[in-house]
Amino acid sequence: MKTSRNDLCWCGSGKKYKKCHMLRDKMSSFGRRGTRGVIIKTEEQIEGIRRSGQLTRKILDMVQERIGPGITTEQINDWVHEETLANNAYPAPLNYRGKSAVGFPKSVCTSVNNVICHGIPGNEVLKEGDIINVDVTSILDGYYGDASRMFLIGDVSEEAKNLVDITQQCLQIGIQQVKPGKTTGDIGHAIQTHAEGLGYSVVRDFAGHGVGIEFHEEPQILHYGKPNTGALLQPNMVFTIEPMINIGRPECKLLRDGWTAVTQDGSLSAQWEHTCLLYTSDAADEGLGVDLG
Ligand code: MF3
Ligand code: CO
Ligand code: CO
């Protein structure tokens with residue numbers, strides 16, 4: 001639903017839409033780059049990203065059904081790879097370079113225990129008590145959907161279970177900030193306050209990101225920060241929120257493979273990720289950011 005000329009503007013300024021953001025929204029409604037390189041998606045693009053997000057979700061559901069003690073991370077990679085291709089999609093991680101010197105060699109990221117993110121699937125066998133993040137990104141009809149979940153392998157310590165739960169709460173609390181007129185800093189601040197208030201730390205070296213037309217777009221979504229700073233959240237933006245939370249200190253170390261990020265102090269780390277769509281103001285009254293992934 002579109003805001004009409006004489007409605008109040010979605011940004012919360014109290015001005016009429018035509019006196020506030022209407023012109024800028026028109027300029028950016030063709031999927032061009034808006035302020036600071038943020039892409040405001042068209043309805044058509046959103047539909048494509050939604051379908052890609054639905055596939056990503058389906059793949060994670062499949063992993064959830066099969067994962068358990070004795071499974072190797074390579075097996076998870078094979079399941080994700082095959083299911084992605086079977087759905088006429090492509091796994092975005094495979095050969096992805098980003099800013100790294102070496103392309104990512106596999107189709108999914110599997111990050112076990114003290115691995116923060118970008119773990120490379122291999123011959124590691126999952127054992128009772130492990131926690132693992134599986135991060136799936138599908139490209140369907142050219143559109144990206146990016147999401148990850150934590151899985152508990154068998155019986156897991158209270159300490160690990162709490163970390164996983166708190167991290168999921170951090171994602172939910174971040175999503176609650178996804179409303180027109182809020183900022184990326186509001187998301188980060190809410191997450192940081194929750195995590196640090198409970199004695200956990202927020203990883204600084206990786207962030208959420210705009211997503212959909214490319215894998216990583218503007219804006220960055222930091223999982224820490226100050227209210228009312230950063231980029232303004234505008235209707236039809238699509239971005240991920242993907243907090244990485246550690247039991248110990250927040251610092252990372254990159255392994256020699258150029259990808260695997262582990263906690264410097266060896267403490268456990270968890271992450272949950274969703275792709276979120278920022279609704280227009282009318283829809284935002286009913287629900288908040290929608291989970292597209
Ligand atoms: N899916 C990750 C993210 O959430 C990025 C993985 S890049 C890879 O942004 F190359 F490691 F796959
Ligand atoms: Co992401
Ligand atoms: Co991801």
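The values are calculated or read from the model by the stated rules, or taken from the named source; none is laboratory data. None of the values given here were measured: they were computed from a predicted structure. All Cβ positions, even for glycine, are placed from backbone atoms using ideal geometry, and neighbour counts span all protein chains on display.
Could you count how many residues in the stretch 145-160 are within 16 Å of ligand 2 (Cβ to nearest atom), among the aliphatic types (A, V, I, L, M) and under 16 Å from Asn246 (Cα atoms)?
Adding up the residues that qualify gives 1.
In the stretch 127-138, the residues that are on the phi > 0 side of the Ramachandran plot reach residues that are assigned to a strand (DSSP E or B) and surrounded by fewer than 24 Cβ atoms within 10 Å (Cβ to Cβ) with C-beta atoms within less than 9 angstrom, at least six apart or across chains, in these pairs: Gly129/Leu152. Here Pro180 clears all of (1) of a type outside the set (A, V, I, L, M); (2) within 16 Å of ligand 3 (Cβ to nearest atom); (3) in a loop (DSSP other than H, G, I, E, B) except the condition numbered (2). For the residues Gly34, Gly53, the requirement of being surrounded by 13 or more Cβ atoms within 10 Å (Cβ to Cβ), within 21 Å of Ile221 (Cβ to Cβ), modelled with pLDDT of 95 or more and not aliphatic (A, V, I, L, M) singles out Gly53. When the stretch 121-149 is limited to residues that are closer than 18 Å to Ala270 by Cβ and either surrounded by fewer than 22 Cβ atoms within 10 Å (Cβ to Cβ) or among the basic types (Lys, Arg) (or both), the one that is farthest from ligand 1 (Cβ to nearest atom) turns out to be Glu128. The set of residues from the stretch 195-216 being within 12 Å of ligand 1 (Cβ to nearest atom) and either hydroxyl-bearing (Ser, Thr, Tyr) or within 12 Å of the chain's Cα centre (by Cα) (or both) comprises Phe206, Ala207, Gly208, His209, Gly210, Val211, Phe215, His216.
Taking the conditions exactly as written (within 16 Å of ligand 2 (Cβ to nearest atom), among the aromatic types (Phe, Trp, Tyr), part of a loop (DSSP other than H, G, I, E, B) and on the phi < 0 side of the Ramachandran plot), does Phe206 satisfy them or not?
Yes, satisfied.
Going residue by residue through the stretch 111-120, is there one that turns out to be in contact (Cβ under 8 Å) with a residue 24 or more places away in the chain, within 22 Å of Leu55 (Cα to Cα) and not in a loop (DSSP other than H, G, I, E, B)? Yes: one or more hits. Scanning the stretch 74-105 for residues that are in a helix (DSSP H, G or I), more than 22 Å from Glu124 (Cα to Cα) and of a type outside the set (Gly, Ala, Ser) yields Thr84, Leu85.
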